[in-house]
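Peer 1: This is the structure I have questions about; it appears just below.
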């Protein structure tokens with residue numbers, strides 16, 4: 001199964017869009033940007049229960065370690081580059097090459113996009129088996145989806161297998177990030193690793209046909225939960241991760257976290 005179906009057709013549409021627009025734009029994609037539209041989704045059933053899985057985290061928020069070279073997120077078609085970052089990194093040592101989303105939330109609380117603290121809690125509580133020893137980071141504002149899918153995603157898939165990752169959680173940051181992570185999820189799933197894509201822009205992951213996606217009415221730039229609100233982050237992540245095992249076919253699920261949050265706010269609990 002192709003990561004981008006009807007690839008030649010998409011390339012022609014992208015070339016036409018590129019002719020009319022500046023790929024180095026600062027902000028969101030224009031309405032005429034040709035989102036990838038797939039008809040089918042690959043699917044790999046979970047072969048182990050969640051408490052036995054080595055979970056890999058993939059973030060498209062452009063996180064990098066302070067003191068290292070930042071991503072060139074404003075390259076014309078986006079920075080088509082992945083980095084492996086040890087999970088022992090201190091949250092205050094993370095910096096973000098933000099494009100397409102407001103970085104205020106991650107500057108306040110990196111767990112809003114790179115939820116390592118929450119995943120460590122899940123590991124300690126036996127919700128997941130373990131967090132893989134590195135996570136993968138890239139800036140997901142990539143307009144040239146074909147180059148990304150063909151030249152960079154295969155290397156990411158190879159590294160996941162090298163680390164014996166048994167399930168992957170993918171978290172976008174911007175609207176266009178939703179396309180990038182959904183494409184990566186398709187390749188990862190096709191290689192035999194089940195995935196979960198967390199989303200707040202339903203129509204994009206639906207268009208790309210991410211294998212498994214969980215969406216809620218959240219905000220770009222804090223897709224993993226509201227900053228400095230650990231309970232909200234736990235609720236979002238727990239509900240999404242627990243869908244990996246029971247799902248027996250590709251699909252999109254709506255989280256109930258939004259309803260629960262509104263109830264809390266109505267009670268004055270937040």
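Read-outs: derived from the displayed coordinates by stated rules, not from any lab. Here the structure is a predicted model, which means the values were calculated and not measured. Virtual Cβ from ideal backbone geometry, glycine too; neighbours counted across all protein chains shown.
Peer 1: Would you calculate the convex hull of the Cα atoms in segment 7-266 and tell me its volume per residue in Å³?
Peer 2: Details: hull volume 30.3 nm³, N = 260.
It comes to 116 Å³ per residue, whole-number rounded.
Peer 1: Here's a follow-up. Using per-residue counts of other Cβ atoms within 10 Å, averaged over each peptide, order 87-96, 12-21 from highest down.
Peer 2: Details: 87-96: 15.0, 12-21: 13.2.
Highest-to-lowest ranking by the protection proxy: 87-96, 12-21.
Peer 1: Let me ask another. Between residue 203 and residue 125, take the C-beta separation as r, use R0 = 25 Å, and let me know the FRET efficiency to the nearest 0.05.
Peer 2: 0.15
Peer 1: May I ask you to compute the full-extension gain from residue 69 to residue 16, defined as 0.36 nm times their residue separation minus their alpha-carbon distance, rounded to one decimal in nm? List each step's numbers first, then the result.
Peer 2: Numbers: separation 53, 0.36 × 53 = 19.08 nm, distance 3.30 nm.
Difference between extended and current length: 15.8 nm.
Peer 1: Output the relative contact order of the chain, whole-number percent, from Cα pairs under 8 angstrom with separation of 6+ residues. If you can, show how the numbers build up before the last one.
Peer 2: On the way: 556 pairs, mean separation 66.0, N = 270.
Taking the mean separation of contacting Cα pairs over the length of the chain, I get 24 percent.
Peer 1: Just the projected area, averaged over all directions, of the convex hull on the alpha carbon atoms of segment 182-256: how many nm²?
Peer 2: Working: hull surface 19.5 nm².
Averaged projected hull area, Cα only: 4.9 nm².
Peer 1: With a 10 Å radius around each residue's Cβ, average the other Cβ atoms per peptide and rank 68-75, 191-198, 172-179, highest first. Don't skip to the answer; put the middle values down first.
Peer 2: On the way: 68-75: 15.4, 191-198: 22.6, 172-179: 29.0.
Descending mean neighbour count gives 172-179, 191-198, 68-75.
Peer 1: Please report 136, 229 as a ranked list, fewest other C-beta atoms within 10 angstrom at the top and most at the bottom. Don't skip to the answer; put the middle values down first.
Peer 2: Working: 136 23, 229 17.
The fewest-first ordering by Cβ neighbours comes to 229, 136.
Peer 1: Further question: Can you work out the FRET efficiency for the pair residue 52 and residue 90, with r the C-beta to C-beta distance and R0 = 25 Å, to the nearest 0.05? Intermediate results must be reported in sequence, preceding the final value.
Peer 2: Numbers: r = 28 Å, r/R0 = 1.13.
Working from the Cβ atoms, E equals 0.30.
Peer 1: If each residue of separation counts as 0.36 nm, what is the full-extension length gain between residue 219 and residue 133 once their alpha-carbon separation is subtracted?
Peer 2: On the way: separation 86, 0.36 × 86 = 30.96 nm, distance 2.80 nm.
Full-extension gain reported as 28.2 nm.
Peer 1: If you average 1/r over all unlike Cα pairs in segment 104-195 and invert the result, what Kirkwood radius do you get in angstrom?
Peer 2: Numbers: mean 1/r = 0.0704 Å⁻¹.
It is 14.2 Å.
Peer 1: For the chain, what is the calculated [θ] at 222 nm in deg cm²/dmol (nearest 500), taking -39500 (n - 2.57) for each run of four or more DSSP H residues and dividing by its residue count? Numbers along the way, then the final one.
Peer 2: Numbers: 8 runs with 83 residues, N = 270.
That calculation yields -9000 deg cm²/dmol at 222 nm.
Peer 1: Within the chain, what percent of beta bridges assigned by DSSP are antiparallel, to the nearest 5? Please report the intermediate quantities before stating the final value.
Peer 2: Working: 8 of 27 bridges.
Around 30 percent antiparallel, to the nearest 5.
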